[in-house]
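Enquirer: My questions will all concern the structure given below.
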Amino acid sequence: MRVLILAHDYPPVGGGGVQRVLHLVRSLHASDHAVHVVTVDQEPGPMRDDSLLERHPREVPITRYRLPSLRPVVDMFRAAHLSRIPTLVMPTDLYPDASIFAGTTARAALEVARTFRPDVVVASAPPFGIIEAARRVGHRLGVTFVADLRDPWIEPVVARFPSLASFHWARALQRRCLRTADLVTVTARSLQALLETLPVARPRRVVTITNGFDGEIPISTSAMAEGRELCQHAQGARTVAFIGRLFTSDVKQSVRGGVLANRLFDGLSVGREIVRADEYHAGPWFQALALLARRRPDLRGKIETIFVGNVPRQGDSVPEAVNAFPTRFLGYRSLAVAAAVARAADALLLLNPSTVDDSPSFIIPGKLFEYVAAGPPILTMCGPGDCADIVRATGTGVWVHDYRPEEMTDHLERWLDGRGLPVARHESSIAGYERSALGRRFVAEIERAVKERRSDLR
C-alpha cells in the first residue's frame, strides 16, 4: 500500500499534533507500507524540536511546499486596531490560510502523486483546510481518502463564529469532506458519538484512535539530568509540572476599540460556544493554591509550579497564590527534556476546558498520555468527559471539576501533610495507550478502508 500523508505541521516543528502525525508515519513504515509526507515549508520558531525530526524514518521522503499567507493583511488591520474585521469573511480555522489556499496544498500533493502513485490519501487536522486538500486529491486520483480529526470541527459542536459568512464557509467545508471520506478517525469516543449522529454528511465510518504515549522515546542521560535540575529549584518544595501548551492567560486582556465596537462584532457572530476555549488557562489551579495559602499558612512555599512549554503568563489574576508558592515559566523544551521533567516532578498538572452546560467534554490533551506513562500522580482539573474518565480508569491521578478548585485544595493539603493521594495505577489499562499499539490499529483501519473501496469499485 502506498500512502500519501498531508499535514500542515511536521518536524522539526514541535507540539502534540505533530507527534500524532509522526507516529502514524512511523507505524505505516513499520508495517512495510510506502509513505510520502507533504507538509508546509515553514520556520518552526520557538517550538523547533530536532529530536522529533530524528525519529522520522529516513526512508520516507518529505516534500515541503510554500503556502501563501494573509498575515501581512491581518497585520495591517491589527495596526489600525481593526483586527476583528478580517475574521468576518475568513474561514474559522487554526490557520485560515490552510483553508483559503487549499488548492495550493492540493497541487503540491498532486505533483508528488504523479510519480508516487498513492493508494490512499491521509490528512490530519486541524487546520481543517488540509482535509479539503486531501479530499480534492483523493477525488482527482480516485483513491481512498482518510480524514484524521485531532479536534472537533463545526457540526454538531457549534462554536461561536464571527459571522454567518465564516460559519457557512466552515460548515460547507466540513460537509463536503465528511460526505466523501472513506474513513474518519477521531481522538475521543464522545467525539465519535457526536459525528455518528450528524443528520447531514454523516461519515460512512468513524473510528476512535486516541493519542498515546511513546514507550520508545529516547531520554538521554543529559536530558534526564536537565529534567531533574529543572524540578529541584525551590528547596523543600514539591514540584508540580505542567508540560505542553496553554492558549490563554488567566488575566483577560483589554481590547482596544471600545465597548461599542466589541458589542457590534459580538452581535454579528453566530453559534453557541460549548467548550470554554477562552478559559483554557491555569486559573483554577492558582485559585486552589490561594485557598491553600489562606487555609494553611504553614504550607506556604511547599509547592513550586513549573510550566514547560509554550505557555502565556499565568497566575496574575490570583497574586496571593503566586506570592505564596513559587512559579516558573521555562518555555518550550525538546520532547526528551519534557519527558524527563514528567518523570522527575513530584506531580503533574493537567488542565482542560470544560463545557458551558457541563456535558461531557470531547477534548483530550495529548499530554495526558505522556503523563499516564511517566509515573507521578496527575492533578486533573477539568469537566466530566473522556479526559477525566481516562485518569480514573488508569488510576493515575485525581480529578476535580475546574469549577471546584476547593476540592483540589483538599487533595493538596492531604498530600503535603504526608497522607498521600488516592492513586492506584492500573498497568493493563495504561498499556493500551502505548503509541505502537495504537499505531497498529490505525494502520489496520486504513488497510480496511482501502480494501473496502476496492471491493466497492469491482
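The values are calculated or read from the model by the stated rules, or taken from the named source; none is laboratory data. Because the structure is a prediction, the values reported are computed rather than measured. Positions of Cβ are backbone-derived with ideal geometry, glycine not excepted, and every protein chain shown enters the neighbour counts.
Enquirer: Residues to consider are V74, V137; find the one that is in a helix (DSSP H, G or I), out of contact with any Ser or Thr (no Cβ under 8 Å at 6 or more places or on another chain) and not hydroxyl-bearing (S, T, Y).
Expert: V137
Every residue, every condition in (1) closer than 30 Å to V25 by Cβ; (2) out of contact with any Leu (no Cβ under 8 Å at 6 or more places or on another chain); (3) in the same structural domain as R295 (by TED's automatic domain parsing), yes or no:
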| residue | (1), (2), (3) |
| --- | --- |
| L379 | no, no, yes |
| T394 | yes, yes, yes |
| V398 | no, no, yes |
| H401 | no, yes, yes |
| P405 | no, no, yes |
| L438 | yes, yes, no |
| R441 | yes, yes, no |
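Enquirer: Could you pull out the residue among R58, R26, R84 that is in a loop (DSSP other than H, G, I, E, B), modelled with pLDDT of 90 or more and not hydroxyl-bearing (S, T, Y)?
Expert: Every option except R58 fails the conditions.
Enquirer: I need every pair where a residue in segment 404-418 that is under 19 Å from A282 (Cβ atoms) has its Cβ under 9 Å from the Cβ of a residue that is of a type in the set (F, W, Y), sequence separation at least 6 or different chains.
Expert: What qualifies is P405/W285; P405/F286; M408/W285.
Enquirer: Restricting the search to segment 370-384, which residues are crowded, with 22+ Cβ neighbours inside 10 Å, closer than 28 Å to V158 by Cβ and not β-branched (V, I, T)?
Expert: M381, C382, G383
Enquirer: Now for a separate question. What helices (runs of 4 or more DSSP H) completely inside segment 189-286 contain at least 1 residues that are at pLDDT 90 or above and surrounded by 13 or more Cβ atoms within 10 Å (Cβ to Cβ)?
Expert: Correct list: 189-195, 221-230.
Enquirer: Can I ask one more? Here's a check for you: in segment 394-419, which residue that is of a type in the set (G, A, S) and either assigned to a loop (DSSP other than H, G, I, E, B) or surrounded by fewer than 21 Cβ atoms within 10 Å (Cβ to Cβ) (or both) is modelled with the highest pLDDT?
Expert: Only one residue fits best here, namely G395.
Enquirer: I need a count of the residues in segment 29-55 that are assigned to a helix (DSSP H, G or I) and closer than 30 Å to L330 by Cβ.
Expert: 8
Yes or no, residue by residue, for (1) touching a helix residue (DSSP H, G or I) at 6+ places or on another chain (Cβ under 6 Å); (2) in contact (Cβ under 8 Å) with a residue 40 or more places away in the chain; (3) surrounded by 17 or more Cβ atoms within 10 Å (Cβ to Cβ):
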| site | (1), (2), (3) |
| --- | --- |
| P11 | yes, yes, yes |
| V35 | yes, no, yes |
| P46 | no, yes, no |
| P57 | yes, no, no |
| S69 | yes, no, no |
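Enquirer: What tally of residues in segment 389-436 results from selecting those that are within 29 Å of E216 (Cα to Cα) and acidic (D, E)?
Expert: Total satisfying the criteria: 3.
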